[in-house]
1. Using R₀ = 30 Å, calculate the FRET efficiency as 1/(1 + (r/R₀)^6) where r is the Cβ-Cβ separation of R125 and T191; round to 0.05.
2. Once a ≥ b ≥ c are taken as the square roots of the eigenvalues of the Cα gyration tensor of the chain, is the result rounded (a/c under 1.5), prolate (a/b larger than b/c) or oblate (a/b not larger than b/c)?
3. Quick one: length gained pulling E85 to R201 fully straight, 0.36 nm per residue minus the C-alpha distance?
4. Quote the charge dipole size of the stretch 147-220 about the Cα centre in Debye, to the nearest 20; the model charges only the Cβ of Lys and Arg (+1) and of Asp and Glu (-1).
5. Based on DSSP H runs of at least 4 residues, each adding -39500 (n - 2.57), what is the mean residue ellipticity at 222 nm of the chain after dividing by all its residues, to the nearest 500 deg cm²/dmol?
6. Lys and Arg at +1, Asp and Glu at -1: add these up for the other residues within a Cβ distance under 11 Å of A173 and post the number.
7. For C74, what residues show an amide H to amide H distance below 5 Å, using hydrogens built from the backbone and excluding near sequence neighbours?
8. Express the relative contact order of the stretch 81-224 as a whole percentage, based on alpha carbon pairs under 8 Å and six or more residues apart in sequence.
Amino acid sequence: MLHLFTDKVTKDSADSQILFLGDSITADGLYIRLTREWLQVHRPDWTVELVPCGVPSETASGLSEATHPFPRPCVHNRLSRELKEASPSVVVACYGMNDGIYHPFSEERFAAYQAGMLRLSTQIREAGAKAVLMTPPPFDAPSMNGTLQPAEADDFSYLVPYRDYDHVLERYADWLLSGGCPADGVIDLRTPLLEHIRHERSVNASYRYGDGIHPDVSGHRVIARILLRDLFHAELDKLSDTEDSREAARENTD
């Protein structure tokens, strides 16, 4: 586990800022709000600031599917500015969901993702911050409302994705977890989220993990618990607060 923050480190770092970069899952911000809530309750003397900075549709690869309504934004077009404005001590970045552009796996697209993540991690560290990379969350085909397409289809997009797109994300996650991208830490979101989906579906066969791309509220709670454990060394018996889902946080996702 990454324990970037302990009681001593955080208390001695009055101006610590953690910048969160990512796509629409990060832009939603619920997992960041839940993490902040827990810290406010259980670490009231800490002054670490969580700075949400996700952008919907964003990638690290610079790729975009042909039928996307506009070229997908790329984090590298704003990274220098965000690092300068926030002056973070830690940057937590989560990319991958959009980087395979919902197509079957290809070495060319994988190489673009790898290059984008390597550039991202390098620039963060050159700015004097710790780079923490999160694996892309899973793509849950049973939760999708749209048409799921076979590998031989003519084209793919987030509206009509490759039906086994999660296998693509698995390759991306495995590369990060193998240390393929030098960083100060890599957090595995994929494994606990898959376990969460399996558990929920075993209890309720009609369970929907959001829209298959974006996690539901319970998925965001799982991400918050992972961050609290891996970044802040939160004791597992104190994580029940994130299960309660404060009404204010819930309303912000409606």
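1. The formula returns an efficiency of 0.75 here.
2. Working: a/c = 1.90, a/b = 1.27, b/c = 1.49.
Oblate.
3. On the way: separation 116, 0.36 × 116 = 41.76 nm, distance 4.25 nm.
Taking E85 through R201 to full extension adds about 37.5 nm, to one decimal.
4. Its charge dipole is roughly 240 debye.
5. Per the formula, -12000 deg cm²/dmol.
6. -2
7. T59
8. Reported relative contact order: 29 percent.
The values are calculated or read from the model by the stated rules, or taken from the named source; none is laboratory data. Values in this document were obtained by computation on a predicted structure and should not be read as measured data. Backbone-built Cβ (ideal geometry, glycine too); neighbour counts: all protein chains shown. Side chains included, ligands, DNA and RNA excluded: accessible areas come from the protein's heavy atoms. Shrake-Rupley method; radii C 1.70, N 1.55, O 1.52, S 1.80 Å.
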